[in-house]
Amino acid sequence: MKKRPLKVVMCEPLGFCAGVDRAIQIVEKSLEKFGAPVYVRHEIVHNKFVVESLKNKGAIFVKELDEIPDGDAPVIFSAHGVPASVPAEATRRNLFQLDATCPLVTKVHFEAKRHFKKNLETILIGHAGHPEVLGTMGQLPEGAVLLVETIEDVENLKVDDPDQLAYMSQTTLSVDDTQHMIDALKKRFPNIHGPGKDDVCYATTNRQEAVKAIVGQIDSLIVVGAPHSSNSRRLVEIADREGCKSSALVERAAEIDWAMFDGVNVMGLTAGASAPDVLIEEIVDAMRARFEVTIETVITAKETITFNLPKELREPKTRKAPLSA
């Protein structure tokens with residue numbers, strides 16, 4: 001039977017960001033260098049496929065450090081960051097710790113500490129319970145960071161001194177929603193201090209801008225990503241807000257509801273920052289099995305950022321041999 005034609009408009013950039021790539025490399029290189037087991041506190045990134053792949057290589061994922069036996073096996077902290085109490089406990093127990101926190105999350109941690117040293121009450125824009133939010137709030141004593149999720153939260157906020165305030169934000173939020181929150185904070189507290197550069201990370205911003213760029217060309221959108229991935233969920237929300245007829249967040253091709261393709265001639269495709277290329281390719285292959293697919297890639301940004309691995313995992317620099325006389 002002849003397949004119906006389907007145009008797939010693919011966003012670029014999509015998929016892995018530098019912080020996620022670094023975190024996964026830290027686990028893989030730790031396994032190569034030190035051997036199994038390597039312990040990882042919480043999911044290294046929000047992707048079940050990645051976590052299962054690392055488990056198969058010898059990584060053991062734990063919720064808390066008390067699940068890790070004493071010894072010299074590495075313990076790795078996830079890309080989302082951890083409260084300051086976690087590395088402190090690892091140090092107390094003499095555990096060999098490697099920090100896979102995304103450097104852009106670490107930047108927010110440093111902001112929190114700077115605000116605290118300046119005696120500024122700190123407000124964090126973010127989602128309650130998200131690992132990154134728990135890690136950021138955990139950089140300071142309990143109660144030192146006020147969390148706001150909505151404009152209503154801002155309106156109801158009670159602060160000690162409206163002239164001694166600072167704000168920061170989770171790195172994986174909607175750019176537009178975060179700006180609305182910042183505007184509300186500045187309106188209520190005109191003297192509030194903010195970061196020198198936006199906290200929402202470049203990868204989150206780029207993927208959101210890419211969806212906005214294609215939404216006028218597509219009928220529906222598929223986002224490859226985990227249901228608990230903040231940056232992936234934001235992509236679905238943006239598509240819906242921009243008028244996309246339908247959108248779906250799926251981790252694997254098996255999760256696709258093919259009924260959403262009924263009447264669709266142009267399907268958009270993107271992926272959250274923790275979705276590996278193999279899953280994007282899997283979904284394209286599933287489309288090809290059902291449709292005569294043509295792919296158009298819309299490039300809105302080129303990402304060249306990379307982050308260094310911890311010094312314990314870097315390859316030693318080789319010296320050049322001296323020139324013979």
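Nothing in this text is a laboratory measurement; each read-out follows from the coordinates by a stated rule. Predicted model, so just to flag it, every value in this text is computed and none were measured. Because the Cβ atoms are built from the backbone with ideal geometry, glycine has one as well, and the counts that use them run over all protein chains shown.
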request  = Of the options 14, 200, 123, report the single residue whose Cα projects farthest towards the positive end of the charge dipole of the chain (beta-carbon charges: Lys, Arg +1; Asp, Glu -1).
outcome  = 14
key: Virtual spin-label span in nm between residue 36 and residue 308, 7 Å along Cα→Cβ   = 3.2
task = Quick one: go through the range 1-29 and flag any residue whose amide nitrogen is under 20 Å from the point 7 Å out along the Cα-to-Cβ line of residue 262.
result = 3-7
key: lysines whose Cα lies under 18 Å from that of residue 187, excluding same-chain neighbours fewer than 8 positions away   = 158
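How high is the relative contact order of the range 135-268, in percent, with contacts defined as C-alpha pairs under 8 Å that are six or more residues apart? Write out the running numbers ahead of the final one.
On the way: 156 pairs, mean separation 28.8, N = 134.
Taking the mean separation of contacting Cα pairs over the length of the range 135-268, I get 21 percent.
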remark   = Checked against the positive end of the charge dipole of the chain (+1 on Cβ of Lys and Arg, -1 on Cβ of Asp and Glu, about the Cα centre), the farthest of 58, 261, 228 is 58
task = Would you please name the trypsin sites (Lys or Arg not before Pro) within the range 1-109 that are DSSP coil residues with at most 15 other C-beta atoms within 10 Å of their C-beta?
result = 2, 3, 63, 93
ask   = Pick from 59, 128, 273: which residue has the top mean-square fluctuation in a GNM of the chain where Cα pairs under 10 Å get a spring?
value = 128
note = Compactness check, the range 78-226: C-alpha Rg relative to the 2.2 N^0.38 Å globular estimate gives 1.15
task = Would you mind ranking 180, 115 so that the residue whose beta carbon has the fewest other beta carbons within 10 Å leads the list?
result = 180, 115
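If r is the Cβ-Cβ distance from residue 49 to residue 161 and R0 is 45 Å, what FRET efficiency results, to the nearest 0.05? Please list the in-between numbers first.
Values: r = 48 Å, r/R0 = 1.06.
Efficiency for this residue pair is about 0.40.
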request  = Mind giving me the nanometre distance, one decimal, between the label points for residue 245 and residue 191, set 7 Å out from Cα along Cα→Cβ?
outcome  = 5.5
request  = For residue 252 and residue 110, calculate 0.36 nm times their separation in residues minus their Cα-Cα distance, and state this gained length in nm to one decimal.
outcome  = 47.5 nm
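Which loop-located trypsin sites (Lys or Arg not before Pro) does the range 167-221 contain, where loop means any DSSP state but H, G, I, E or B and the Cβ has at most 14 other Cβ atoms within 10 Å? Before the final figure, lay out each step's value.
On the way: sites: 186, 187, 188, 197, 207, 212; in loops: 197.
For trypsin sites (Lys or Arg not before Pro) across the range 167-221 that sit outside H, G, I, E and B with at most 14 neighbouring Cβ atoms in 10 Å, the list reads 197.
Quick check: residue separation of residue 278 and residue 142 times 0.36 nm, minus the Cα distance between them. What number comes out in nm?
Numbers: separation 136, 0.36 × 136 = 48.96 nm, distance 4.11 nm.
Once the chain is fully extended between residue 278 and residue 142, it gains 44.9 nm.
Could you list 230, 53 in order of exposure, starting from the residue whose Cβ has the fewest other Cβ atoms within 10 Å? Walk me through the numbers on the way to the answer.
Values: 230 25, 53 16.
By the 10 Å Cβ count, ascending, the order reads 53, 230.
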task = On a C-alpha basis, how far is the centre of the range 128-158 from the centre of the range 177-198 in Å? Whole number, if you could?
result = 15
request  = Excluding residues fewer than 8 places away in the same chain, name every one of the aspartates and glutamates whose C-alpha is closer than 13 Å to that of residue 107.
outcome  = 132, 198, 199
message = Output wanted: per-residue J couplings in Hz (rounded whole) for the range 32-39, from phi through Karplus 6.51 cos²θ - 1.76 cosθ + 1.60, θ = phi - 60°, x for Gly and Pro.
response = 5, 7, 10, x, 7, x, 10, 8
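If the only charges are +1 at each Lys and Arg Cβ and -1 at each Asp and Glu Cβ, what is the size of the charge dipole of the range 11-108 around the Cα centre, to the nearest 20 debye?
Values: 11 positive and 13 negative charges, 19 e Å.
Rounded to the nearest 20 debye, it is 100 debye.
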request  = Enumerate the aspartates and glutamates that residue 63 could reach by cross-link, defined here as Cα to Cα under 13 Å, with residues fewer than 8 away along the same chain left out.
outcome  = 43
message = Give me 204, 106, 294 sorted ascending by neighbouring Cβ count inside 10 Å, so fewest comes first.
response = 294, 106, 204
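Rounded to the nearest 20 debye, what is the charge dipole size of the chain about its Cα centre when +1 sits on each Lys and Arg Cβ and -1 on each Asp and Glu Cβ? Please report the intermediate quantities before stating the final value.
Working: 39 positive and 47 negative charges, 223 e Å.
So the magnitude is around 1080 debye.
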ask   = Cβ under 12 Å from residue 105's Cβ, residue 105 left aside: what net charge do those residues give with Lys, Arg +1 and Asp, Glu -1?
value = -2
remark   = Comparing 67, 237, 121 in a Gaussian network model of the chain (Cα, 10 Å), the one with the largest mean-square fluctuation is 67
note = Checked against a 22 Å limit on the C-alpha separation, the offending pairs among 29/57; 212/302; 197/311; 33/302 are 197/311; 33/302
inquiry  = Connecting C-alpha atoms closer than 10 Å in a GNM of the chain, tell me which of 275, 84, 166 has the biggest fluctuation.
reply    = 84
